[in-house]
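The values are calculated or read from the model by the stated rules, or taken from the named source; none is laboratory data. Computed from a prediction, not measured in an experiment: that's the story for all the values here. Note: ideal-geometry Cβ built from the backbone for every residue, glycine included; neighbour counts use all protein chains shown.
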Amino acid sequence: MRRGLLLILSSPSGAGKSTLARRLMSWDRTIRFSVSATTRQPRPGEEDGREYYFRSREVFETMVKTGEMLEHAEVFGNLYGSPKGPVEAAMKEGRDTLFDIDWQGGQQIRNSSLGRDVVSIFVLPPSIAELESRLRGRAQDSDEVIAGRMAKSRDEISHWAEYDYVIVNRDIDTAFNELTTILQAERLKRDRQPDLSEFVRTLNTEFASR
């Protein structure tokens with residue numbers, strides 16, 4: 001059985017990261033989506049362990065101090081982070097974990113104790129004009145919010161070179177094919193298949209018995 005890997009997807013808002021993540025989860029249902037922990041209060045209909053792991057600030061900060069968080073950040077007064085335990089359990093089962101996070105979270109995970117199992121992918125838009133068009137096409141945000149997202153995008157895009165792979169999302173189907181190709185190639189890497197040495201020994205035994 002191979003070790004599971006940690007697949008990090010990052011992009012500026014509107015580049016298609018979330019769409020690719022949803023399609024990947026449907027394409028391979030063994031992939032586990034990383035559920036974040038947060039100190040914010042649950043909203044109506046949210047369940048602990050499904051949308052988020054809801055934790056008090058005290059418990060969350062203790063998890064950070066004891067190394068139980070792969071990454072964490074404070075956003076608008078609430079703490080958010082990725083618990084290590086469920087990820088390690090999935091890895092032992094040979095299941096991959098998908099992270100839909102920004103470059104800062106990705107950087108923390110790459111620098112964590114599980115960093116050698118990370119495959120990081122950055123998704124770029126085909127142009128800045130197209131990025132803005134996609135944000136406006138959602139019809140969800142005000143002009144002010146869109147302007148804020150566009151301003152943040154420049155900083156996010158500046159970190160593209162920190163990633164293992166970069167996908168330019170000109171077409172969502174092509175981008176998805178590239179994503180699955182990356183994942184399949186990474187799964188076949190020699191060091192992700194711990195049983196290969198024993199398999200080759202078996203082959204050599206067969207040679208000796210001929």
Output for region 105-119, where each listed residue is in contact with an Asp or Glu (Cβ under 9 Å, 6 or more places away or on another chain), surrounded by fewer than 20 Cβ atoms within 10 Å (Cβ to Cβ) and small (Gly, Ala, Ser): 112
Tabulated pairs, region 7-28, first within 22 Å of residue 157 (Cα to Cα), second part of a helix (DSSP H, G or I) and among the aromatic types (Phe, Trp, Tyr), C-beta under 7 angstrom, 6+ apart or interchain: 10/103; 20/176
In region 149-197, the residues that are over 14 Å from residue 8 (Cα atoms) and either touching a strand residue (DSSP E or B) at 6+ places or on another chain (Cβ under 6 Å) or polar (S, T, N, Q) (or both): 153, 158, 168, 169, 174, 175, 177, 178, 181, 184, 193, 197
Near pairs, Cβ below 9 angstrom, 6+ apart or cross-chain, from region 63-81 (touching a residue at least 24 places away in the same chain (Cβ under 8 Å) and hydroxyl-bearing (Ser, Thr, Tyr)) to any residue that is assigned to a strand (DSSP E or B) and surrounded by fewer than 13 Cβ atoms within 10 Å (Cβ to Cβ): 80/74
Which listed residue, of 64, 87, is among the β-branched types (Val, Ile, Thr) and in contact with a His (Cβ under 6 Å, 6 or more places away or on another chain): 64
Verdict on residue 34 being within 25 Å of residue 126 (Cα to Cα), in contact with a strand residue (DSSP E or B) (Cβ under 8 Å, 6 or more places away or on another chain), small (Gly, Ala, Ser) and touching a residue at least 12 places away in the same chain (Cβ under 8 Å): no
Identity of the residue in region 155-179, among the charged types (D, E, K, R) and without any contact (Cβ under 8 Å) to a residue 40 or more places away in the chain, that ends up nearest to residue 22 (Cα to Cα): 173
Members of region 13-32 found to be under 28 Å from residue 128 (Cα atoms) and over 14 Å from the mean Cα position of the chain (by Cα), listed by number: 13, 14, 15
Residue selected from region 172-203 under the condition acidic (Asp, Glu) and at pLDDT below 95, by the criterion nearest to the chain's Cα centre (by Cα): 191
In region 41-71, the residues that are basic (Lys, Arg), surrounded by fewer than 16 Cβ atoms within 10 Å (Cβ to Cβ) and at pLDDT 95 or above: 57, 65
Within region 177-208, tally of residues that are in a helix (DSSP H, G or I) and farther than 18 Å from residue 99 by Cα: 18
Within region 155-204, considering residues that are within 21 Å of residue 5 (Cα to Cα) and hydroxyl-bearing (Ser, Thr, Tyr), the one surrounded by the most Cβ atoms within 10 Å (Cβ to Cβ): 163
Matching helices (runs of 4 or more DSSP H) fully within region 1-95 where at least 1 residues are β-branched (Val, Ile, Thr) and more than 26 Å from residue 162 (Cα to Cα): 57-65
Residue count for region 119-151, restricted to those that are among the hydrophobic types (A, V, I, L, M, F, W, C), assigned to a helix (DSSP H, G or I) and farther than 23 Å from residue 174 by Cα: 5
